[in-house]
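Here is the structure we will look at.
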Amino acid sequence: MIANLLRGLLIGTAEVIPGVSGGTIALIVGIYERIISSANHAVQAFVFVLRGKFQQAKQEIKEMDWGLLIPVLAGMLLAIFAAAAALEPLLESQPEVMRGLFAGLIAASIAIPLSLAGKDKSIAAWIVAASAAGLAFLLTSLPKSGEAEANLLAVFLVAAIAVCALVLPGVSGSYVLLAMGFYAPTIAAVNDRDFGYLGVFVVGAVVGLGLFAKVLNWLLTNHHQLTLMAMAGLMLGSLRALWPWQDGDQLLQPSSFAPVVSFAIGLGVIAAISILQRRLNKAK
């Protein structure tokens with residue numbers, strides 16, 4: 001139980017940091033498949049409840065790995081609140097440095113879906129990646145209404161999209177929040193104990209997991225390479241939102257060296273995680 005609590009702490013910390021995938025950490029610590037299996041049982045139980053088949057739902061709930069889930073979830077919650085408390089003041093006092101760090105984390109993470117897509121990539125796969133990158137760049141270049149104006153419906157939708165990152169190692173849920181302008185508000189909601197915001201976020205995440213997880217799994221099963229290349233393209237294009245030197249939606253010229261250092265640190269963190277993951281995979 002203590003070991004699983006520590007695993008949860010690591011995964012929860014990763015989920016708060018954009019570019020670091022909780023799914024990747026789950027793979028590294030050896031519990032990814034068990035978590036995904038339990039998540040599938042939970043989604044199926046919810047479907048059975050909606051259809052009034054309570055006996056089947058009860059059976060699905062029994063199939064969940066509660067000995068793993070309870071300490072892991074407890075560790076994740078502790079880590080999320082602790083990491084959020086540490087990150088929020090840095091986001092306010094050092095925005096350029098933090099954007100540089102997050103950009104480095106995400107830039108290095110692009111290599112993960114690219115490697116999972118295989119060595120022999122088709123021309124269609126590269127076209128899909130380029131199209132996804134262009135779309136993400138365009139969307140992140142649109143004028144923003146401001147983070148403070150985010151309404152609860154938008155919170156629900158963003159949470160439903162971001163939770164899909166939990167299904168695939170290499171894709172960060174916090175990165176999705178960051179690219180869509182909801183990272184800072186969500187961190188603030190955690191620190192302020194804004195249970196209205198957090199409640200809507202959790203409901204959106206649960207609905208998103210139920211609706212999108214199976215779709216994403218289907219895409220990965222039937223169009224594995226194209227799906228991963230699209231994810232890599234989206235990550236690349238969305239780096240526009242993390243240009244360290246910017247004023248609102250206007251990109252500025254570099255004005256300090258510190259974000260370059262934090263960018264390099266971000267690259268190094270993901271590189272170290274990837275190397276550790278490969279070594280563990282070879283040891284199996």
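The values are calculated or read from the model by the stated rules, or taken from the named source; none is laboratory data. This one's a predicted model, so the numbers in the text were calculated from it and none came from an experiment. Cβ sites come from the backbone with ideal geometry, for glycine too, and all protein chains shown count toward neighbours. The protein model used for the area step is the full one, side chains on, heavy atoms only, and it has no ligands, DNA or RNA in it. Shrake-Rupley method; radii C 1.70, N 1.55, O 1.52, S 1.80 Å.
Picking from residues in segment 242-257 that are among the aliphatic types (A, V, I, L, M) and surrounded by fewer than 23 Cβ atoms within 10 Å (Cβ to Cβ), the one that is farthest from Leu216 (Cα to Cα) is Leu252.
For residues that are β-branched (Val, Ile, Thr) and under 11 Å from the mean Cα position of the chain (by Cα), scanning just segment 12-34, find the one that is modelled with the lowest pLDDT. Full working, then the answer.
Going through segment 12-34, the residues β-branched (Val, Ile, Thr) turn out to be 13, 16-17, 20, 24-25, 28-29, 31.
Checking the rest, the ones that are also under 11 Å from the mean Cα position of the chain (by Cα) come to 16-17, 20, 24.
Values: Val16: 80, Ile17: 75, Val20: 64, Thr24: 67.
The extreme case among them is Val20.
Of all residues in segment 33-59, exactly one satisfies the criterion of being of a type in the set (Ser, Thr, Tyr) and in contact with a helix residue (DSSP H, G or I) (Cβ under 7 Å, 6 or more places away or on another chain), namely Ser38.
Gly173 passes every criterion in (1) modelled with pLDDT of 80 or more; (2) of a type in the set (Gly, Ala, Ser); (3) buried (at least 20 other Cβ atoms within 10 Å of the Cβ) apart from (1). I'd like the full set of residues that are modelled with pLDDT under 80 and within 20 Å of the chain's Cα centre (by Cα), limited to segment 137-154. Hits for segment 137-154 are Leu139, Thr140, Glu147, Ala150.
Only one residue in Ile61, Ile31 is more than 22 Å from Asp192 (Cβ to Cβ) and touching a residue at least 24 places away in the same chain (Cβ under 8 Å). Which one? It would help to see each step written out before you state the result.
Values: Ile61 fails: touching a residue at least 24 places away in the same chain (Cβ under 8 Å).
Going through Ile61, Ile31 in turn, just one is more than 22 Å from Asp192 (Cβ to Cβ) and touching a residue at least 24 places away in the same chain (Cβ under 8 Å): Ile31.
Would it be correct to say that Leu73 is out of contact with any Cys (no Cβ under 6 Å at 6 or more places or on another chain), within 21 Å of Val190 (Cβ to Cβ) and either open to solvent by less than 20 Å² (accessible area, probe 1.4 Å) or in a helix (DSSP H, G or I) (or both)? For Leu73, the condition - out of contact with any Cys (no Cβ under 6 Å at 6 or more places or on another chain), within 21 Å of Val190 (Cβ to Cβ) and either open to solvent by less than 20 Å² (accessible area, probe 1.4 Å) or in a helix (DSSP H, G or I) (or both) - is met.
The condition of being open to solvent by 30 Å² or more (accessible area, probe 1.4 Å), within 23 Å of Ala159 (Cα to Cα), modelled with pLDDT under 80 and under 16 Å from the mean Cα position of the chain (by Cα) does not hold for Phe201.
Scan segment 220-237 for residues that are within 28 Å of Tyr183 (Cα to Cα), open to solvent by 10 Å² or more (accessible area, probe 1.4 Å) and not aliphatic (A, V, I, L, M) and jot them down. Across segment 220-237, the qualifying residue is only Thr227.
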